Amino acid sequence: MTCRHTNTFNYIVSEERQLANSEIAREQAYVDMLYRRLDELREEAAQRLATVLREHGGTEQALIERESAVARYADRVARLDAAENRLCFGRLDMRDGRRRYIGRIGISADDDAGDGEPLLLDWRAPAARPFYLATAAAPERVRRRRHITLRGRRVAALDDELLDREAAGAEDGLVGEAALLAAVNAARTGRMQDIVETIQAEQDEIIRSDHRGVLVVQGGPGTGKTAVALHRAAYLLYTHRHLASRGVLVVGPNPAFLRYIGQVLPGLGETNVLLTTVGEMFPGVVADRPEPPETAEIKGRAVMAEVIAAAVRDRQAPSRGDVEIPYGPGTLRLTERDCLRAAERARAGRATHNEAGRIFRREILDLLARQAAERLEAVALDEEGRPLDGGDPGGGLTEADRRALLAAGYPAELLEAGPGPLTQGGRETMLDEADLAELRKELQADPGVRAALDELWPILTPQRLLTDLFADPGRLATAAPMLSEQERKLLERPPGGGWSTADVPLLDEAAELLGEAPRTGPTPEEIERAEQIAYAQGVLDILVGSRSSDLEEGEEGEILIATDVIDARRLAERHGAADHRTLAERAAGDRSWAFGHVVVDEAQELSEMAWRMIMRRCPGRSMTIVGDVAQTGDPAGTTSWDRVLRPHVGDRWRLARLTVNYRTPAEIMTAATRALAATAPAGEPEPEAPRSVRETGVPPWRLRTTPEELPRVLAECAARELASLGEGRLAVIVPDARRDELGEAIAAVVPEASYGAVPDLERPVVVLGVRQAKGLEFDSVLIADPAAILAAGPRGRNDLYVAMTRATRRLGVVHPGPPPAAIAAAIPGELG
């Protein structure tokens, strides 16, 4: 009996294998055809690109069209190259008998034809949507959904789901493991992979949501917030092609995170995307200065916008009495009233500080020029250079003036003439506008005048404004009376030392108020342009010089050469280097760039000042904001979406939730939720954790050691964990202040370990400060010194929650001394 059952089982297994193999062979033939077509399209696009690049000459319009064609074909080649990996990943069998193959791009039998059934549907196309939405309860006219797994160009596995059992024939069988569980169980590589094959219904709903307005995606750990945000960016660029001209901005929490997600969008064929952090959003500034958390929190407050505005106003003709300026043998004087009037005129047009400064300087120079003119016209000056006479009470010349002028050789007939070309307050002058213009130039070049103008209304860069503000307690007190003396003390610092991430939004705020500083000389681009024109002129001169020697007598008037049809400027334009930078490169260097859409990941960490900066980058307010307020760790971050968004969009934002945890096993998620609840302030509601889709059967563990032994024990644990892990990645998450110390100890035992400001996430072991771990995931995680993580800041409990939810398989905690209450509640027993 047992033998008969065994034979029957073997027969069934053999039959299933035959079915799977035949189906794989069938799909392999189709996949081969798709790759042949991809190669054809790629070759065609590459040839067109090469042809356009070989073209030279033509009108300016032709050059513009050529550059546009280069960009278009280069983008086409990049998209086709990106589709090479996992080109096709799914198939839909419809009730009407048709089949739809789903892939990374759309491919037709004839790429120039717009009709006919496509060979492959782009995953973002409306016709592909049932692949993500169809269920047995709502099959969307789908009979079967097939997941196709490729290794290179080879079909490695199939996974079928029958969604309409009444329409399915008896010959249909289920093949392979569920694609989703295969994806979540796969070992991590240190780089995020796209999820086009396994997008779930609640994720698809968010990805395809209307691009207009602000969409907030709230989701707990492991719900796929980042993947959803990136795939939404790819979907929007595909569906709304006009966005490509302005690009999409993706803001992440730190450089390590950006490296982690960096290949997702290029892998989906989208390159018009700039990935950046808050600290990288001000061109020319590297934000690498450490900042105490309490100082960063103050700088992140919305009130700092008022402080910056007040600091700018304080540099605009402040009321400090009369100003005396040494000039020549005497002194020019500006009264406080003169300065206030000039400042009022400068501010009247609501110009930026530096634009208004030009108006102010012009007004002041006019006043000074007229003072200097009066002094020059005066017949006699006192020892301080002031005119002794100044004319009669009616504004005319006195008899003493006339005698002195005649004695000096001034023509008598001019003294008897009527009013001169210029009058000041009814008084004749002998200098005309041209003379005054020359005086203004002389005054503008005078060091004393320039110093006075710079003191009254300096030309400011954002860097100079903030440097002066933080270095001067008096300026801080004037600009920030709403801050306490202790808070202002935290902002004080000497000049130099670079900039912090918290400074960047302040620099951006200042740039908005200051405007561009006037240029004092040609830009590097203008210098390069002049050099190109000079070189081109030299080429043309050589051609002219060699013309006679190259032509027979009498031919010179019959044959055209380059100099007959083009000048040096046009020749330089024709052969000069065009701007071949990508959209992302151009946008990164342009603070005023307005993006078509903005994605903000780990958005709960952003300060109110950072939100002001980001909103400037997207005037259309088309934004996707993803985060989890239960994970907020930054002291300047938020626990309320409404609080940070209302000042910018009012109530015109919508909330979507992700509720399923695809990353974190139930055992680890339960422990993390207990730890968060154990440290909750009194009266705070129980945290709502996302539902995990799987269990691993491996409970989290903890190990006690001593403070002195922590580095050694942690390194040994890392070595053992790596050995037992097999393939995959291990993260050791430590207090931020001890990252380098513990990283060095681990690297001494595990040479493969990486640590630092931007660690290599593709190494088998990586040591991270808790803030660096945000948004990342690893097969196994070790947490060191949880008590120090909890004590590091007011939101240490959230940081510990983040650290505990990074693992996809295993979690261990090493604590010096007794465990903190949060860890004791989360993991009751410790290893012996």
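In this structure, the amide hydrogen of Tyr755, modeled 1.01 Å from its nitrogen in the peptide plane, lies closer than 5 angstrom to those of Asp760, Val767, counting only residues at least 5 positions away or on a different chain. Coupling constants for the range 708-721 follow from the phi torsions by the Karplus curve (6.51 cos²θ - 1.76 cosθ + 1.60, θ = phi - 60°), and in residue order they are 5, 8, 3, x, 5, 5, 5, 5, 5, 4, 5, 5, 5, 5 Hz; glycine and proline get x.
Close amide-amide hydrogen proximity is noted between Asp779 and Arg188, Arg729, Thr808, each under 5 Å apart and 5 or more residues distant or on a separate chain (H modeled in the peptide plane; Pro and chain starts excluded). Of all lysines in the structure, those lying under 24 Å Cα to Cα from Lys489, and not within fewer than 8 positions of it along the same chain, are Lys299.
Using the count of nearby Cβ atoms within 10 Å as a rough guide to exposure, how do Met482, Met669 rank from fewest to most? Provide the component values of the computation, followed by the final result.
Details: Met482 12, Met669 23.
In order of increasing Cβ crowding within 10 Å: Met482, Met669.
Given 0.36 nm per residue, what is the gain on full extension from Glu516 to Thr51 after removing their alpha carbon distance, in nm? Present the calculation step by step, with values, prior to reporting the outcome.
Numbers: separation 465, 0.36 × 465 = 167.40 nm, distance 4.13 nm.
Taking 0.36 nm per residue and subtracting the Cα distance, the gain is 163.3 nm.
Considering the range 8-167 at the alpha-carbon level, its Rg and Dmax are found to be 20.3, 79 Å.
Quick check: net charge around Ala594, other residues with Cβ under 12 Å of its Cβ, Lys/Arg +1 and Asp/Glu -1?
Details: positive: Arg246, Arg591, Arg616, Arg617, Arg621; negative: Asp590.
Local charge sum for Ala594: +4.
Sparsely packed loop sites in the range 44-143 (the GluC sites (Glu not before Pro) outside DSSP H, G, I, E and B with at most 15 other Cβ atoms within 10 Å) comprise Glu55, Glu84.
Taking Cβ atoms as reference points and 11 Å as the exclusive limit, the residues near Glu762 contribute a net charge of +3, counting Lys and Arg as +1 and Asp and Glu as -1.
Calculated FRET efficiency, Leu133 to Asn21, Cβ-Cβ distance, R0 = 35 Å: about 0.70 to the nearest 0.05.
Each residue of the range 30-40 was assigned a 3J(HN,Hα) from its phi angle through the Karplus expression (A = 6.51, B = -1.76, C = 1.60, θ = phi - 60°), giving 5, 5, 4, 4, 5, 5, 4, 5, 4, 4, 4 Hz with x at Gly and Pro.
Quick one: length gained pulling Glu688 to Glu762 fully straight, 0.36 nm per residue minus the C-alpha distance?
Numbers: separation 74, 0.36 × 74 = 26.64 nm, distance 3.25 nm.
That works out to 23.4 nm of additional length.
For Val307, the shell of other residues with beta-carbons less than 12 Å away shows a net charge of +1, using +1 for Lys and Arg and -1 for Asp and Glu.
Compare the peptides 676-687, 766-777, 626-637 by average per-residue count of other Cβ atoms within 10 angstrom and give them in order, highest first.
Values: 676-687: 12.0, 766-777: 25.5, 626-637: 22.4.
Top to bottom by mean Cβ count within 10 Å: 766-777, 626-637, 676-687.
Couplings for the range 449-465, taken from phi via the Karplus curve 6.51 cos²θ - 1.76 cosθ + 1.60 with θ = phi - 60°, read 5, 4, 5, 5, 5, 5, 6, 6, 8, x, 6, 10, 9, x, 5, 5, 4 Hz in order; Gly and Pro are left as x.
In angstrom, the C-alpha Rg and Dmax of the range 739-803 are 11.8, 35. Straight Cα distances below 19 angstrom link Lys774 to the lysines Lys225, with same-chain residues fewer than 8 positions distant left out. The amide H of Thr705, built 1.01 Å from its N in the peptide plane, has His815, Gly817 as neighbours under 5 Å, considering only residues 5 or more places off or on other chains. Given their separation in residues at 0.36 nm each and the Cα-Cα distance between them, Arg141 and Ala666 gain 185.6 nm when the chain is fully extended.
Extending 7 Å from Cα along the Cβ direction at Gln486 and again at Ala201 yields two label points whose distance is 5.4 nm.
The numbers here are math on the coordinates, done by the rules we state, and not lab data. Keep in mind it's a predicted model, so treat the numbers as computed, not measured. FYI the Cβ positions are ideal-geometry reconstructions off the backbone, even for glycines, and counts take in every protein chain you see.
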